[in-house]
Structures are given as structure tokens and as C-alpha cells.
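**Student:** I'd like to ask you about the structure that follows.
The values are calculated or read from the model by the stated rules, or taken from the named source; none is laboratory data. Since we're looking at a predicted model, the values are computed, not measured. Methodologically, a virtual Cβ is constructed for each residue, glycine included, from the backbone with ideal geometry; neighbour enumeration extends over all protein chains shown. Ligands, DNA and RNA are excluded from the accessible area calculation, which covers all protein heavy atoms including side chains. Shrake-Rupley method; radii C 1.70, N 1.55, O 1.52, S 1.80 Å.
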Amino acid sequence: MDTRTGLPVVGMVGGGQLARMTHQAAISLGQSLRVLSVSPDDSAALVAADVRIGTHTDLAALREFAKGCDAVTFDHEHVPTGHIAALAAEGVKIYPGAEAIVFAQDKQRMRERLSELGAPVPRWRPVSSAAEIADFAASLTQAGTAAGGDSGGWPVVAKAVRGGYDGRGVWMLADAAAAEELVATGTPLIVEERVPLRRELAALVARSPFGQVAAYPVVETVQWDGICVEVLAPAPGLSEERALEAQQLAIDLAHALGVVGLLAVELFETGDGIVVNELAMRPHNSGHWTIEGARTSQFEQHLRAVLDYPMGETSLAAPAVVMANVLGGQPGGMSLDERLHHLFADDPGVRVHLYGKQVRPGRKIGHVTVLGDDMTSVRARAARAARRLQEGE
């Protein structure tokens, strides 16, 4: 406990925008989040009062950081599981634990465990050669795709077993020649069938050590070049039956995997149902809309979960909520401050979150959120606001 306030101290490993927004949520709970940051210029380090400089791969730095924390959590999945297990063995309350987070770090382990649990997943296979990839494609041709009844075969989706995010570490392989080229890089891989998806969805839940869970409305996520650019809450046109199926799947996975904190289950919706794409065990881009758009933000919910507080209300604050990511544009032209002036003059109802990052083309530097009654108009406002901040027009 912080002796000045009598309230818990939560440490978050990683100083990115997720830690920055978790710090904002901590303030209303009377806390000041402790952050382990690589640099004093990281997003969270620019605003948090209690910043320790160190890396997530340094066990000694993690041990020192954890001293005095009532709970330790993460804003990314890259802390070695051996370090997490070592801290837990020394009595640190660290969430999610090593036995859970490995399924967000290692795509092969994730697919193996989800398959064991009977969760809906694309057909997949670990591979180490171009011949094995070609054999997998041939097996799809023979059997047809699981979800859509297509002829199967090429193209297939290859994924790096570890380290991929925002479209990185994912390749669409059109033929054996592309498979040869990728295998030559030496990247450990799995391959999956290309699912005939209609759209992408996300189901976000939180779970406490006590075992209480809270589920948010299922959202639609829109991707460009592997990067999420929009989140629509609730997912337009999603039947109640399908929404409940997705929420129950996320709850079941949170329990089965032993997740404490937030779990984001990224889903493909097909003609026949839903298929699990990826898992994240932390606050997630698909939940940024909850800061204004839900009764309890995902960031506060994550803090409640790791502290074993009762969960907060998750219902929508408006019939339609849209979050649009702000990506860095080309250098030059109108300053970001000027762009904010013009945006607020154009639409005073837009909520803006900037992350304090240096602007680079295509980099996520913030997001905007718009609430309203009609999804079409709310979506248009959010897209226009994000474009103004990106392009300065």
C-alpha cells in the first residue's frame, strides 16, 4: 500500500500508450501507477509520477520494480515467461501469470491449447519447410475449407510463432515459391487456412483472481494493411445469438487459460460462425472506445481485476460508439496543435486521446472517440476527425 494514501500500488511493465491510459484510470481510483519504462520519453513515462527505467528482459530490474507493488501487470506480452514465473515464486502477485500469458506470446502454443479446448480455430499446422507448407495447402484442396466450402489450397496464411503484431509477422503465401522465400528467413512458423471471413470482431472480457468476469459488448474491428483503424461498438447487425456466443467463448477461454486481467479475443466472422484469430492478455486497441463509450473503461477494469476488486459495469454509454485510430502522416505542414484547434472547431463533441509519441508515417499516435445515436453518422464523424489529425486538412 502507498503509505500516503492507504491505497494499493500497481506496477505496469512497459511504458507505452496502454500504460499511459491505465495511469489515467488509476488516478480516479486514488492510485498512481508505477511504470517500468525503457525510456523517460515513452508515452506513460511522460505523465506518470512513479517511473522506473529498465527493460522487461532484465530479471533484476523486474525484481527491483516489483518491490512495494501490490500487483504487477503488463502493457505488452513480451516479458519472458521464466521471469514471470520466478517473480510469482518469490511471492509477487503478477497478472496474468506465466501459465496464461504464454498463449498470447506463442501462436503455436495458443493454437494447440485452443484445439484441445475445442474452441473454433482455423485449420493449422506447425511447419519448418516449404514442402510442409505445400503439403498443408494440398490437404486444404482435398478437404475444402472448414468455414466456407471453398476449394481450399493456396493461398495460405503463415504466421511467426512469436513476435508479430499490427500486421507484422503475418504473410499471405500465394504459392510454393513464396513459401520457399519465407522459410529461407529462418522464422519459426505456423500456417493456417485462409478463412472466408465476412468481418473481424473482438470480444473483451476481464477476470479477477476470485473468478468474477465481466464482458463488454462485442465490437467490429476494421483493419487496413494489418493495422486496426476503426472499432464499432456494438458490432453493427450482429445477432444477439452470435454476440452471446462470442462473449461466452471469451469467458470460457479466460477461465480455461487462467487469465487475470483483460482478455481480448480477436475473431473472424464467417458464413458459418466465429473463429478465433488471436488472443491478447492486457488492455487492447479494440477496447479503447470504452474510455468514453462504456460505464467502466477497459483500463479501470484491468486495474480492478488485478487488484481483485469487484468488476465494473460494462454497458454502452450511447447506442453507437466509434473509435478511430490516428496514424502519423507525412512530415511538414500544419502542426499537431493547429490540427487540434481546427478539429475542435469543426466537431466539439469528438474526444481526442494523443499518446505523446513522435510522429512517424503509419504509426499509431492517438485515437478519437465519437458517441451518438446513429452508427453511420458517428462513424463518419470519427473518420473525419482522425483524418484531420493525420493529414491536417
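**Student:** Using a Förster distance of 22 Å, how high is the FRET efficiency between Thr3 and Tyr309, based on the Cβ-Cβ distance and rounded to 0.05? List each step's numbers first, then the result.
**Tutor:** Values: r = 20 Å, r/R0 = 0.92.
The value I calculate is 0.60.
**Student:** Taking the solvent-accessible surface of protein heavy atoms with a 1.4 Å probe, what is the per residue accessible area of the chain in Å²?
**Tutor:** Numbers: 16600 Å² over 393 residues.
Accessible area per residue, the chain: 42 Å².
**Student:** A further question on this structure: So what J values fall out for region 186-195 if you push phi through Karplus, 6.51 cos²θ - 1.76 cosθ + 1.60 with θ = phi - 60°, rounded to Hz, Gly and Pro as x?
**Tutor:** Ordered by residue, 3J(HN,Hα) equals x, 6, x, 9, 10, 10, 9, 5, 7, 6 Hz.
**Student:** Continuing with the same structure: Identify all lysines with a Cα-Cα distance to Lys67 below 17 Å; exclude those on the same chain that are fewer than 8 residues away in sequence.
**Tutor:** Lys93
**Student:** With unit charges on the beta carbons (Lys and Arg positive, Asp and Glu negative) and the dipole taken about the Cα centre of the chain, which residue among Val222, Thr55, Ser32 sits farthest to the positive side?
**Tutor:** About the Cα centre, the residue reaching furthest to the positive side is Ser32.
**Student:** Moving on. Give the Rg (one decimal place) followed by the Dmax (whole number) of region 246-343, computed from C-alpha coordinates and expressed in Å.
**Tutor:** Calculated on Cα positions, Rg and Dmax stand at 17.2, 51 Å.
**Student:** Cβ neighbours within 10 Å, averaged per peptide: list 368-375, 60-67 in order, most packed at the top. Each step should come with its number before you reach the end.
**Tutor:** On the way: 368-375: 19.1, 60-67: 16.4.
Those peptides, ordered most packed to least, come out 368-375, 60-67.
**Student:** Here's a follow-up. Note down the nm distance, to one decimal, between modelled labels 7 Å out along Cα→Cβ at Ala86 and at Arg363.
**Tutor:** Using points 7 Å along Cα→Cβ, the separation is 3.1 nm.
**Student:** Taking the Cα-to-Cβ direction at Glu393 and at Thr57 and moving 7 Å from each Cα, how far apart do the two end points lie in nm?
**Tutor:** Rounded to a tenth, the inter-label distance reads 4.2 nm.
**Student:** Over the chain, with a Gaussian network built from C-alpha contacts below 10 Å, which listed residue (Pro348, Pro122, Pro310) shows the highest mean-square fluctuation?
**Tutor:** Pro348
**Student:** Read phi for every residue in region 211-224 and hand back ³J(HN,Hα) as whole Hz from Karplus 6.51 cos²θ - 1.76 cosθ + 1.60, θ = phi - 60°, with x for Gly and Pro.
**Tutor:** My calculation for region 211-224 gives x, 6, 10, 9, 10, 8, x, 5, 10, 9, 10, 10, 10, 10 Hz in order.
**Student:** Long-range amide H contacts for Asn277: which residues qualify at under 5 Å (H placed 1.01 Å from N, peptide plane, sequence gap of 5 or more or a different chain)?
**Tutor:** The answer is Glu266, Leu267, Phe268.
**Student:** If we sort 331-337, 206-212 on the protection proxy, mean other Cβ atoms within 10 Å, highest first, what's the order?
**Tutor:** Result, highest mean first: 206-212, 331-337.
**Student:** In addition: Quote the accessible area belonging to Tyr95 in square angstrom, nearest 10, computed with a 1.4 Å probe and with ligands, DNA and RNA left uncounted.
**Tutor:** 40
**Student:** Within region 203-226, list the residues whose amide N lies under 19 Å from a label point set 7 Å along Cα→Cβ of Thr185.
**Tutor:** Of the residues in region 203-226, 224-226 have backbone N under 19 Å from the label point off Thr185.
**Student:** With unit charges on the beta carbons (Lys and Arg positive, Asp and Glu negative) and the dipole taken about the Cα centre of the chain, which residue among Val156, Leu316, Leu389 sits farthest to the positive side?
**Tutor:** Leu389
**Student:** If the chain between Asp225 and Arg168 were fully stretched, how many nm would it gain, using 0.36 nm times the residue separation less the Cα-Cα distance?
**Tutor:** Gain on extension, Asp225 to Arg168, equals 19.6 nm.
**Student:** From Cα pairs below 8 angstrom and at least 6 apart in sequence, can you work out the relative contact order of the chain, rounded to a whole percent?
**Tutor:** Numbers: 855 pairs, mean separation 51.4, N = 393.
Across the chain, relative contact order equals 13 percent.
**Student:** Quick one: if you take sqrt(5λ) for each eigenvalue of the C-alpha gyration tensor of the chain, what semi-axes come out, biggest first, whole angstrom? The partial results should precede the final answer.
**Tutor:** Numbers: eigenvalues 210, 144, 93 Å².
Output for the chain: semi-axes of 32, 27, 22 Å.
**Student:** Along each of its three principal axes, how wide is the spread of alpha-carbon positions in region 7-68, in whole angstrom units, largest first?
**Tutor:** Sorted from largest, the Cα extents of region 7-68 read 31, 24, 15 Å.
**Student:** Can you tell me which of Pro361, Pro120, Pro96 moves the most in a GNM of the chain? Springs connect C-alpha atoms under 10 Å apart.
**Tutor:** Pro361
**Student:** Could you give each residue of region 177-184 its phi-based ³J(HN,Hα) in whole Hz, using Karplus coefficients 6.51, -1.76, 1.60 with θ = phi - 60°, and x for Gly or Pro?
**Tutor:** Computed from phi, the couplings for region 177-184 are 5, 5, 5, 4, 5, 5, 4, 5 Hz.
**Student:** Next up: When we measure straight from the Cα of Lys107, which aspartates and glutamates land under 17 angstrom away, once same-chain ones fewer than 8 places off are left out?
**Tutor:** The qualifying aspartates and glutamates are Glu77, Glu99, Glu116, Asp166, Glu192, Glu193, Glu266, Glu278.
**Student:** Based on the Cβ-Cβ distance of Ile27 and Glu112, what FRET efficiency does E = 1/(1 + (r/R0)^6) give at R0 = 30 Å, to the nearest 0.05? Don't skip to the end; give the middle numbers.
**Tutor:** Values: r = 40 Å, r/R0 = 1.35.
Rounded to the nearest 0.05, the efficiency is 0.15.
**Student:** Could you give the length gained by full extension between His342 and Ala131, i.e. 0.36 nm per residue of separation minus their alpha carbon distance, to one decimal place?
**Tutor:** Gain on stretching His342 to Ala131: 70.4 nm.
**Student:** Under the rule of at least 5 residues apart or a separate chain, name every residue whose amide H is placed under 5 Å from the amide H of Val229.
**Tutor:** For Val229, whose amide H was placed from the backbone, the distant partners under 5 Å are Val222, Gln223, Trp224.
**Student:** If you average the C-alpha positions of region 315-355 and of region 169-200 separately, how far apart do those two centres end up, in angstrom?
**Tutor:** 35
**Student:** Given springs between every Cα pair under 10 Å in a Gaussian network model of the chain, which of His342, His78, His367 has the largest fluctuation?
**Tutor:** Maximum fluctuation in the GNM of the chain, among the listed residues, is at His342.
**Student:** Let me check against my output: what whole-number percent is the relative contact order of region 68-140, with C-alpha pairs under 8 Å and at least 6 apart?
**Tutor:** On the way: 45 pairs, mean separation 15.8, N = 73.
For region 68-140, the relative contact order is 22 percent.
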